[in-house]
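Enquirer: One structure, as structure tokens, below. Some questions next.
Only the coordinates and a few stated rules stand behind these numbers; no lab work does. All values derive from a computational prediction rather than experimental measurement. Because the Cβ atoms are built from the backbone with ideal geometry, glycine has one as well, and the counts that use them run over all protein chains shown.
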Amino acid sequence: MPINQTLSGYSDIAFTTTVALYLVAMLLYFVEFAYGKPRRAVRERESELTAVGGAGGAVPSTTAKTPGRVEPEPRRPLPERFGGMAVAMTVLSLLVHAFSLVTRGLAVGRVPWGNLYEFGSAICLVAVVAWLVLLYRQSRPVRKSTTSTQLRGLGGFVLLPTVLLLFLSGTALYARASPLPPALQSYWIWIHVSAAIVSSGVLLFAGVASVLFMLRVRHENNPLKMVRFGSRLPNSQTLDRLAYRTTVLIMPVWTFAIVAGAIWAEAAWGRFWGWDPKETSAFIAWVFYACYLHARATAGWRGTRAAWVNILGLAAMLFNLLFVNLVIPGMHSYSGL
Amino acid sequence: MRGSVFSDALAFLRNTWRGLTSMRTALVLLFLLALAALPGALLPQWSTSRNGVQDYFDKHPTIAPVLDELGAFNVFGSVWFSAIYVLLFVSLVGCLVPRTGEYLRNMRARPVRTPRNLARMPHHSQATVDSSVDEAIAVARKRLRGWRVDERDEGNGTRSLSAERGYLREAGNLVFHFALLGLLVVMAAGAMYGYEGRVIVKADGSSFCNSGTYNYDSFEPGLRVDGTGLNPYCVRVNDFDVKYQPNGQPKSFHADVDYQAGESLDNDVWKPYGLKVNEPLRLAGDRVYLTGNGYAPVFTVTFPNGAKRTSSVQWKPMNMQTFLSQGATKFSPPGMPDEQRRQRNQLAITGLFAPTASFEGKVLSSKFPDLRDPAVAIDVLKGQLGIATGEGQSIFSIDQSMVESGKLNRVARENLRVGEQLRLDDGTVIHFDGVKRFVNLQIAHDPFQEYALVFAIAIIVGLGASLSIKRRRIWVRAGPTDGAARTSPDGSGTAPTSTLIEVGGLARTDQAGYGEEFTKLSGDVLGKSGHHSAPEDSHGSASARERNS
Ligand code: HEM
């Protein structure tokens, strides 16, 4: 099938636009984060206590609305309006981002994740979707512990690695629209790679939560540390739970992705497991996440230590994505570079 | 004395065993496993990248031998890696056996008795309602359908329900861990009873038969494979077709093959198959893969005595982008009964082959991997090839020691396109007839791989169950309000009914999110039985306690 250059041109333009829009959204999140009211550890502890004491829903639910809608409420403080704009901007960029991937797929008549550029872009898309889903869920009235406004402070930190990875994908890793090499012509690319993308995206998100957890814990242990920064983050329990629940949610998917890869390898390379560098590093990342889940169930390992392990897991995922594809020769050298 | 030594030793063993099977040890071993695998990703491995290791040796001549000695290029076969996973799996067994027993006992046991003080539970709410204790309990029972419920009469007209749910979580966890064990065993068995072989077959109707290891170019048997009793079948490669994009990237590979196996082997019927990348031929328990391709130039040599010999031998692709290939096609002169003389008059055509030739002066290179304008740049050598010495010789090259010792001499150097020829001084004519394609086939056999798949699926399912199911408990206690109980100690039921219902909940796993379910559940239990004072959820965000529990 010939490549539709027009469509692929649109895709590229959309991609560039996406990066710019995410960048703007990120800055907006950071504005809210930096100039919004700091959630002082004291106030937080108070609300925690009241929650324990019986008034769980005491946190004002000023922002129980769907993300993406900017409502010019005159009484809302300015930074919060920035936050609202940030969410709107995120949704907008997500749409453009999706457009970019879809047109890339249409231009080449195949899945839009056939090389490292497309793969990186798709992972970022998943991370942003995960972020918006979380924000949406949190805005439902049943969630009392943390409001979506409080959570929004994380937005910039989710978008930061996303923008970096996107930028890297669009520059160093960029590959022109082209058909799949024979090695990748299999329906398993739908199954294995999409599962890998979804799990990478969500795990990226979980890793960010764990990093922020570590920072917040430092502040909570000693409120004099990281006063300006730490006090604005959601409390450590929220962050810890966020990291844990996303990891738990995605771990079976990630396991499935590896197993699907093994099934594909059996059809493509003659064995289902051969310690190819990519296989090895996926194994390492998986074991780190298994460690994380164990750590959460082992006395003395919860909290910071578990968070460290989760961060190691993310590091292994990134290593797997970038280093193994680019630097180490193996059968997975499909980066298209 | 001896008794105490013995019991000391026993205690030591017991402690060691306890330590080995503790969660903490499992965690540390898992961690070590990940770290130990790291060099396997960072450094080239003998098993996957022989050339990579060789390169590493060239680049780091001092440190490479040390690393090699440590097994860093053979991580997954190294003693230390094996030690870690063996320990891990011993620990796993030691952990699983008692847990399975406990689980089975748990399955049969009644849910835990309702604690005295439900207000102490992480989740708690209560209400006073206008219905009787019986009604309250009935409502609660109805609501707790799907839970394992046990009822107890606590006296004084007070009854309580204890309910538990989420037993499948532990089952899933056990399935998951057992399946890990199973997968390890099956992979080990596959490595012992499997084999892998490679063979090059010319795509001109040549065939390969899996009748013995001698038919392979290379053969890697498992420990328990001696190369006899292979699954019998034959594969014939009729044609091979590659399509390229304009930039030289391959678009598709397709080998047109026929095969015989089982019955068709006996009655000599060939069945067709289109062999492609990602679509191996599955035969009699073996799989045949298309893993590569290349070119075999065809030369016809006309010897001075008029005898003709045609030969085509695969030349090795040196560059996978352009398929510039290198090789050696060897001839023995016909019509020379004298062995000695024949040995001294052997002929070798060595050099480069380009599917799409590009000459820079006389230097040949290739512009494109497809056959557009094939040419060879050859040296013709005459003399003693050394084939008869009995030593195996690479089919891609000549024995350089023969050249160095002067037994083999270059007699011509020429570039030829298809149809061109070259005449040696002694009258021998070498004609470049054309090119054939060859395919690399890989044959793999692993009698256990289906089991591996079964265990892998069990791993996913078990993990999913274990991670998504929450083990949780709920207790409902309904009793006459204090006043009512006192005025009617016999609990005859005639007293004005006012019942205090208390609900307590506990999530037994490290999984936040029970709060929501509990709020709904307790609301139903308390709310549907009439008026009630506002239920008070004592821990709207229960995580504070859960974390410490
Ligand atoms: C072969 C290495 C092992 C791997 C890859 C592994 C992996 C995992 C994973 C991914 C989980 C989380 C999913 C779940 O809860 O089912 C888990 C949980 C668990 N593992 Fe393992 N495990 C291993 C060995 C062990 C050993 C040796 C023990 C015993 C000491 C053990 C005890 C447990 C327990 C008790 C849980 C449940 C934790 C909870 O309730 O959240 N595991 N394991």
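Enquirer: Restricting things to alpha carbons, tell me how big the stretch B:294-436 is in terms of Rg and Dmax, in Å.
Expert: 14.9, 46
Enquirer: Continuing with the same structure: Which three semi-axes in whole Å describe the equivalent ellipsoid of the stretch B:174-232, each the square root of 5 times a Cα gyration tensor eigenvalue, listed largest first?
Expert: On the way: eigenvalues 218, 33, 15 Å².
Calculated on Cα positions only, the semi-axes equal 33, 13, 9 Å.
Enquirer: Can you give the percent of C-alpha pairs in the protein assembly as shown whose distance is more than 40 Å?
Expert: Working: 213548 of 392055 pairs.
Taking all Cα-Cα pairs of the protein assembly as shown, the fraction more than 40 Å apart is 54 percent.
Enquirer: Moving on. Among B:THR62, B:ILE395, B:PRO280, flag the residue with its Cα farthest along the positive direction of the charge dipole of the protein assembly as shown, charges on Cβ as +1 for Lys/Arg and -1 for Asp/Glu.
Expert: It is B:THR62.
Enquirer: Related question: Considering amide H positions built from the backbone, and no H for Pro or chain starts, which residues 5 or more places from B:ASN319, or on another chain, come under 5 Å of its amide H?
Expert: B:LEU324
Enquirer: In whole Hz, what ³J(HN,Hα) sequence does the stretch B:68-83 give by Karplus (6.51, -1.76, 1.60; θ = phi - 60°), x for Gly and Pro?
Expert: So the J values, rounded to whole Hz, are 4, 4, 6, x, 5, 9, 9, 3, 7, x, 7, 5, 5, 5, 4, 4.
Enquirer: Just rank B:ASP370, A:ASP12, B:ASP226, fewest to most, by other beta-carbon atoms within 10 angstrom.
Expert: Details: B:ASP370 15, A:ASP12 18, B:ASP226 10.
Taking fewest neighbouring Cβ atoms as first place, the list is B:ASP226, B:ASP370, A:ASP12.
Enquirer: In which sequence would A:ILE284, B:ILE63, A:ILE311 go, from the one with the fewest C-beta neighbours within 10 Å to the one with the most?
Expert: Lowest to highest Cβ neighbour count: B:ILE63, A:ILE311, A:ILE284.
Enquirer: Cα-Cα over 32 Å: which of B:LYS271/B:LYS308; B:LYS251/B:LYS271; B:LYS251/B:LYS382; B:LYS243/B:LYS407; B:LYS251/B:LYS308? Mind showing how you got there, number by number?
Expert: Working: B:LYS271/B:LYS308 35 Å; B:LYS251/B:LYS271 26 Å; B:LYS251/B:LYS382 41 Å; B:LYS243/B:LYS407 44 Å; B:LYS251/B:LYS308 39 Å.
Check vs 32 Å cut-off fails for B:LYS271/B:LYS308; B:LYS251/B:LYS382; B:LYS243/B:LYS407; B:LYS251/B:LYS308.
Enquirer: Compute the separation of the alpha-carbon centres of the stretch B:424-479 and the stretch B:1-71 and state it in Å as a whole number.
Expert: 26
Enquirer: Evaluate Rg over Rh across the stretch B:408-466, taking Cα atoms for both radii and Kirkwood's formula for Rh.
Expert: Reported Rg/Rh (Cα atoms, Kirkwood Rh): 1.61.
Enquirer: What list of ³J(HN,Hα) couplings, whole Hz, do you get for the stretch B:325-332 from phi and the Karplus terms 6.51, -1.76, 1.60, once you set θ to phi - 60° and write x for glycine and proline?
Expert: These are the phi-based 3J(HN,Hα) values: 10, 10, x, 8, 10, 10, 10, 10 Hz.
Enquirer: All other residues with a Cβ under 12 Å from the Cβ of A:ALA285 taken together, and with Lys, Arg as +1 and Asp, Glu as -1, what is their net charge?
Expert: Details: positive: A:LYS278; negative: A:GLU279.
Around A:ALA285, the surrounding residues sum to 0.
Enquirer: Loop only per DSSP, at most 15 neighbouring Cβ atoms within 10 Å: give me the trypsin sites (Lys or Arg not before Pro) in the stretch B:84-127, ordered by residue number.
Expert: Working: sites: B:ARG99, B:ARG105, B:ARG108, B:ARG113, B:ARG116, B:ARG120; in loops: B:ARG113, B:ARG116.
Qualifying residues, ordered by number: B:ARG113, B:ARG116.
Enquirer: Could you work out the relative contact order of the stretch B:1-106, using alpha carbon pairs under 8 angstrom and six or more residues apart, expressed as a whole percent?
Expert: Details: 68 pairs, mean separation 35.3, N = 106.
Relative CO of the stretch B:1-106 lands at 33 percent.
Enquirer: Would you mind ranking B:LYS202, B:LYS520 by Cβ crowding within 10 Å, fewest neighbours first? Let's see the in-between values first.
Expert: On the way: B:LYS202 19, B:LYS520 12.
Going from sparsest to densest Cβ surroundings: B:LYS520, B:LYS202.
Enquirer: Using the Karplus curve 6.51 cos²θ - 1.76 cosθ + 1.60 with θ = phi - 60°, what ³J(HN,Hα) values do you get for each residue of the stretch B:23-29, in whole Hz, with x for Gly and Pro?
Expert: Couplings: 4, 5, 5, 4, 4, 5, 5 Hz.
Enquirer: Please list the non-local residues whose amide H lies under 5 Å from the amide H of B:PHE240, H modeled 1.01 Å from N, same-chain partners needing a gap of 5 or more.
Expert: Correct list: B:ASP256.
Enquirer: Under a 5 Å amide H to amide H cut-off, with H placed in plane at 1.01 Å, what residues pair with B:ASP373 once short-range neighbours are removed?
Expert: B:THR356, B:ALA357
Enquirer: To continue, here is another question. If the viscosity is 1.002 mPa s and the temperature 20 °C, what Stokes-Einstein diffusion coefficient in µm²/s follows for the stretch B:240-343 when Rh is the Kirkwood radius over Cα pairs?
Expert: Details: Rh = 17.5 Å.
Calculated translational D: 122 µm²/s.
Enquirer: Taking every alpha carbon pair in the stretch B:169-300, what does the distance histogram look like in 5 angstrom bins from 0, in percent?
Expert: 2, 8, 15, 17, 16, 12, 10, 8, 6, 4, 2, 1, 0, 0, 0
Enquirer: Place a +1 charge on the Cβ of each Lys and Arg in the protein assembly as shown and a -1 charge on the Cβ of each Asp and Glu, then give the dipole magnitude about the Cα centre in debye, rounded to the nearest 20.
Expert: Details: 91 positive and 69 negative charges, 618 e Å.
So the dipole magnitude of the protein assembly as shown works out to roughly 2960 debye.
Enquirer: For the stretch B:1-106, how big is the tail of P(r) above 17 Å, as a whole percent of Cα pairs? Intermediate results must be reported in sequence, preceding the final value.
Expert: Numbers: 3643 of 5565 pairs.
More than 17 Å apart: 65 percent of the Cα pairs in the stretch B:1-106.
Enquirer: Report, in deg cm²/dmol and to the nearest 500, the calculated mean residue ellipticity at 222 nm for chain B, where each DSSP H run with n ≥ 4 adds -39500 (n - 2.57) and the sum is divided by the residue count. Write down the numbers at each step before the final one.
Expert: Values: 14 runs with 186 residues, N = 549.
Helices in chain B give a 222 nm mean residue ellipticity of -11000 deg cm²/dmol.
Enquirer: How large is the convex hull of the C-alpha atoms of the stretch A:186-337 per residue, in Å³?
Expert: Values: hull volume 18.0 nm³, N = 152.
Considering the Cα atoms of the stretch A:186-337, their hull volume per residue is 118 Å³.
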